[in-house]
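The values are calculated or read from the model by the stated rules, or taken from the named source; none is laboratory data. What you see is a predicted model; the values in this text were computed from it and never measured. Note that we place each Cβ from the backbone using ideal geometry, even for glycine, and neighbour counts take in every protein chain shown.
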There are 2 protein chains.
Amino acid sequence: MMNFQEGKQKFIESWGKMASDWGINRTMAQVHALLLIAAEPLTADEVMSELDISRGNANMNIRALMDWGLVHKQLRTGERKEYFYAEKDMWVVVRQIILNRKKRELEPMLKVLEEISSVENNCPESESFCTVVRDIRKFSNKANQTLDALVKADATWLSNPLFSLLR
Amino acid sequence: MMNFQEGKQKFIESWGKMASDWGINRTMAQVHALLLIAAEPLTADEVMSELDISRGNANMNIRALMDWGLVHKQLRTGERKEYFYAEKDMWVVVRQIILNRKKRELEPMLKVLEEISSVENNCPESESFCTVVRDIRKFSNKANQTLDALVKADATWLSNPLFSLLR
DNA sequence: CAGAATTTTCAAATACTTTTGAAAACAAAA
DNA sequence: TTTTGTTTTCAAAAGTATTTGAAAATTCTG
């Protein structure tokens with residue numbers, strides 16, 4: 001049986017690794033991991049010392065996580081320090097991530113695809129171009145719709161019989 | 001109506017942008033975009049001059065795309081040069097990408113989650129840890145299964161009535 | 001086999017991203 | 001208002017990733 005500290009380190013490290021594979025700042029993901037598994041909200045100083053990072057870095061990444069809607073601030077009466085805690089409902093976490101990435105990445109791409117789907121088609125090169133663009137557009141629109149559906153769906157999605165049917 | 005060269009530039013640029021948001025080398029995605037829309041297979045020299053990149057860079061990224069199974073080599077009898085073309089069936093492209101990322105990223109994460117789900121649980125801290133790890137594990141396993149299903153499904157998936165039901 | 005065409009490699013250069021830490025800004029308390 | 005604790009900012013430093021280009025390896029041809 002693994003001990004708690006070891007498990008915690010592994011989790012933080014591996015969450016960070018996965019995130020950086022997906023184009024997300026590694027430290028941001030490590031802060032997220034730390035707050036996810038914390039029993040209580042943590043202060044910036046606790047994040048700094050647990051992850052051994054600077055104040056500026058901690059502040060910046062906590063802020064980014066709040067922008068993503070994955071972490072929230074808790075103010076305690078009679079205390080000056082700010083406490084931070086992560087949203088722990090995995091369904092909400094995934095939904096937030098999908099929403100953010102969809103908006104920042106998929107939607108701009110869709111816009112470009114729409115623009116360029118009006119390319120004049122009058123030679124073999126443009127023929128090939130137009131076919132591919134049309135296909136990608138069809139696919140991306142479908143993906144977009146499916147993501148919208150996922151986001152609207154509620155947490156019971158995980159056990160949605162429709163999904164087992166897909167198997 | 002947009003002209004072809006302009007559309008082509010926009011497409012390559014925006015495909016590269018999107019890829020780099022997702023942790024994929026921008027140039028690799030641009031080479032992919034270029035080959036996707038090409039009417040005919042291209043040589044390394046053509047890729048170099050179209051994208052204005054060095055020989056080493058072109059070679060390296062073409063190779064990576066072949067490793068991903070997104071680009072193939074064509075040898076022409078009587079010619080020394082190698083020609084490269086991209087898989088254009090979007091369903092196959094997406095399938096390849098899912099397969100690769102699943103194997104390189106999701107699966108290692110699942111392995112870590114399994115390891116750390118044996119953490120001894122005997123204090124409030126470990127309680128919180130175990131709960132989150134259990135939830136993430138449940139979720140990732142479901143995602144893994146769903147991706148397996150997607151990969152096994154055939155191209156008609158796009159118009160699968162099950163997916164419209166999700167809306 | 002030698003020579004020519006082509007691809008591959010990789011150390012060094014460049015470009016890009018993240019982190020630091022000290023100073024500035026801010027906010028509560030005295 | 002002044003002091004003190006806390007958060008924010010941001011220029012410079014450190015760290016990563018990508019790109020170059022010339023040399024080495026490979027492969028075809030005569």
Quick check on this structure: which one of B:Arg101, B:Arg76 is charged (D, E, K, R) and farther than 30 Å from B:Val132 by Cα? B:Arg76
Scanning for something more than 30 Å from B:His32 (Cα to Cα) and loosely packed, with under 15 Cβ neighbours inside 10 Å, does region B:89-107 turn up at least one residue? no
Residues within region B:63-88 that are closer than 22 Å to B:Ile24 by Cα, surrounded by 12 or more Cβ atoms within 10 Å (Cβ to Cβ) and more than 12 Å from DNA strand D (Cβ to nearest atom), tallied: 12
Can you report the number of residues in region A:23-45 which are within 21 Å of the chain's Cα centre (by Cα), in a loop (DSSP other than H, G, I, E, B) and away from DNA strand C (no atom under 11 Å from the Cβ)? 2
Within region A:11-27, work out how many residues are within 14 Å of B:Leu113 (Cα to Cα), surrounded by 18 or more Cβ atoms within 10 Å (Cβ to Cβ) and of a type outside the set (Val, Ile, Thr). 5
Take region B:46-71 and flag every residue that is more than 8 Å from DNA strand C (Cβ to nearest atom) and among the hydrophobic types (A, V, I, L, M, F, W, C). B:Val47, B:Met48, B:Leu51, B:Ile53, B:Ala64, B:Leu65, B:Met66, B:Trp68, B:Leu70, B:Val71
Of the residues B:Lys88, B:Lys17, which is over 12 Å from the mean Cα position of the chain (by Cα) and part of a helix (DSSP H, G or I)? B:Lys17
Among the residues of region A:86-134, write down those that are small (Gly, Ala, Ser) and either in contact (Cβ under 8 Å) with a residue 40 or more places away in the chain or closer than 26 Å to A:Ala149 by Cβ (or both). A:Ala86, A:Ser117
For region A:1-56, how many residues meet the condition of being within 9 Å of chain B (Cβ to nearest Cβ) and either over 25 Å from B:Arg104 (Cβ atoms) or not hydrophobic (A, V, I, L, M, F, W, C) (or both)? 16
For region B:28-62, what are the residues that are farther than 16 Å from B:Val93 by Cα and crowded, with 20+ Cβ neighbours inside 10 Å? B:Leu42, B:Val47, B:Ala58, B:Asn61
Could you tell me whether region B:115-124 includes any residue that is acidic (Asp, Glu) and in a loop (DSSP other than H, G, I, E, B)? yes
A:Ala149, sole failed condition from (1) modelled with pLDDT under 95; (2) part of a loop (DSSP other than H, G, I, E, B): (2)
Conditions first: (1) more than 9 Å from chain B (Cβ to nearest Cβ); (2) more than 23 Å from B:Ala29 (Cβ to Cβ). A:Lys152 passes all but one, so which condition is the exception? (1)
